[in-house]
Each structure stands twice: as structure tokens, then as C-alpha cells.
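Only the coordinates and a few stated rules stand behind these numbers; no lab work does. Remember, it's a predicted structure, so these values are computed and weren't measured experimentally. Here the Cβ positions follow ideal geometry from the backbone for every residue, glycine too, while neighbour counts run over all protein chains shown.
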Amino acid sequence: MCIYLFTLLFIFSFSRVTVNRNCCNRYMKTKLPFSKIKGYSVQDHKEMCPINAIIFHTSKGKTCTDPTKEWVMDYVERLRNRAQKVHMNK
């Protein structure tokens, strides 16, 4: 019984560490130029990540931003509008 419990604890701990490696742990401090953004994704703290975040994707990688910042949500809205225009033109 003790070995079984230890094994479950080990597996859970290992899988949690693996999931959290891809999570944003902190936000960038400066404003990202909109022209650099290719797309975005949303991180929810309920998905075993420590914070909520908007992750902007650029040609150089991913940038974690604070969804409570006005400029972040403005960028998200602009990206949604851009995607909607592309979808409507098809």
C-alpha cells in the first residue's frame, strides 16, 4: 500500500512539473509592438498554471502578457478583428 501511494505521488509530481514548464510564470514589463505579433493564445490559471496570461506569438517566440492591461486586450481585439476580416473574405 505504501509503495502504491508513493508511486502515485511521484507520478503526479512529475506530470505537474511537466505541465508547468510551458506555463507563463511572470509577465513581460514592456509593451510589445503590435507589428511583431503573429497570433496569440490564452493561458488560464485553472489549467495548472500559476497566472492568467495572454501569450503573444512572434517570429522570435512567445511573450507572456498581463490580460488586465488595457493595451494587451486592445491587441487581442485587433487580432480578432483581423482574423474575422480574413475569414469573411474567403
### Task
Quickly run through segment 32-46 and pick out the residues that are in a helix (DSSP H, G or I) and without any contact (Cβ under 8 Å) to a residue 12 or more places away in the chain.
S35, H45, K46
#### Entry: Residues of segment 62-76 satisfying the condition of being surrounded by fewer than 16 Cβ atoms within 10 Å (Cβ to Cβ) and under 14 Å from S35 (Cα atoms)
W71, D74
### Message
Looking only at segment 53-90, how many residues end up being touching a helix residue (DSSP H, G or I) at 6+ places or on another chain (Cβ under 7 Å) and basic (K, R)?
### Response
1
### Query
Within the set of pairs 6 or more residues apart or between chains, which connect a residue that is in contact (Cβ under 8 Å) with a residue 40 or more places away in the chain and over 18 Å from K29 (Cα atoms) inside segment 59-81 to a residue that is surrounded by 12 or more Cβ atoms within 10 Å (Cβ to Cβ) and of a type in the set (A, V, I, L, M, F, W, C) with Cβ atoms less than 7 Å apart?
R78/F34; L79/I37
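Report whether or not C49 is in a strand (DSSP E or B) and under 11 Å from the mean Cα position of the chain (by Cα).
Details: in a strand (DSSP E or B): no; under 11 Å from the mean Cα position of the chain (by Cα): yes.
No.
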